[in-house]
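Only one structure is covered here, and it is reproduced in the block below.
Nothing in this text is a laboratory measurement; each read-out follows from the coordinates by a stated rule. Given the structure is predicted, the values throughout are model-derived calculations rather than measurements. Quick reminder, even Gly has a Cβ in these numbers, built from the backbone with ideal geometry, and neighbours come from all protein chains shown.
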Amino acid sequence: CRILVHNFVQYEEAQLAQKNNDLDKSSNTTVLFILFSALAAIGVTVFFYVKLRNDLLRRDKLEKELKAKDIEISKRVSVIQQVANRVSNGDYTQKLVDEFDGDLGDLVESLNHMTDSLKESFDKINKSDWHQKGLALINESLVGNKSVSQVTIDSLNQLIEYCNCTNGAIYLVDDAKLRLTTAFGLENTMRQSFELGEGMVGQAFIQKTPKVYNDLNDNDFAVTFASGKIKVNSIVLIPILLNNEGIGVLELSSSSNFGEDKIEFFIESCRNMALALNAAKSREKEQRLLEETQAQSEELQVQHSELENLNTELEAQTQKLQASEEELKVQQEELMQTNT
């Protein structure tokens, strides 16, 4: 019985030791689990804290970027608006420089393209207006019953004044030579005549094409005034054509280069001048013929008067002869009666 109890006690002690051992193991596992859970909780907390902090920082950065972008867009829109206002007021020299992409970049490119197109269009309109106004002034200076000399003087003065030229001259054909008809600025030093084809003036006449000389040498070409000298930077020679036949040459000088617009204006002005000169020559010819006719008429009237005077004298002499003849008849009759 003792042995049985002793065995039972040993068994229970063994079971108790086993349970204590299991309990110690379970306690250690629980502690490890608690530590692991705590560490996991700390890790999760740190993770979400870092994530939330990064999100907040990213959100704050994004808000700052958006504000900066909004300020930048506002500035760019303001600049675009200012340029658009200046363009709408006629200042087409304004250009936008924008290196950013996106819709505003496309808008800037479109606005610059629109400005270029408007500038080109209005430049054409302004040039056309300048051209038409100049032709109207030239035509106004050509109207009227003017002589050839007066036509050349008025047209040359108008061209020089309107185009800001320094000096000029007009040569017209006379007796197979180009003779100086009118000059402005260099009257004392200009050639009085050219043979057809002589010099650049004669060549422009023969070839019937404009001759333009820009960027001339300062030492070779200058106009002297009382206050000093002005450089003649360019010279243009325009043939004056009537029905494609040359009747003269226009020469103009300027302190700045002649552009194509002015050259075209000079060419068209010369066409109108040719018509006016032809009309003036016709009037002068008609005037000469009229004066010759009047002179001949007056001469005929004088001759007619002389003839009438001769007729009157002849009639008087005839009457005298008749009277003398009657006296002779009377005398003959008296002699016959006396002889009888």
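Side notes on the structure shown:
- Note, ³J(HN,Hα) from phi for segment 148-165, Karplus 6.51, -1.76, 1.60, rounded to Hz, x at Gly and Pro: 4, 4, 5, 4, 5, 5, 5, 5, 5, 4, 5, 5, 5, 5, 6, 9, 6, 7
- Each of 209, 152 was scored by other Cβ atoms within 10 Å of its Cβ. Arranged with the fewest first, they read 209, 152.
- By the Cα gyration tensor, segment 279-334 has an equivalent ellipsoid whose semi-axes, rounded to whole angstrom, run 53, 5, 4 from largest to smallest.
- Modelled this way, with points 7 Å down the Cα-to-C-beta line, the labels at residue 282 and residue 317 are 5.2 nm from one another.
- Neighbour net charge for residue 56 - beta-carbon separation under 14 angstrom, K R +1, D E -1: +3
- Flagged links, alpha-carbon separation over 22 Å, of 177/231; 69/119; 177/285: 177/231; 69/119
- Among 267, 34, 73, 247, a tally of other beta-carbon atoms within 10 Å of each Cβ gives an order, fewest to most, of 34, 73, 267, 247.
- Difference of contour (0.36 nm per residue) and Cα-Cα distance, residue 332 to residue 84: 76.5 nm
- Relative packing of 268-274, 62-68, which averages over residues the other C-beta atoms within 10 Å, highest first: 268-274, 62-68
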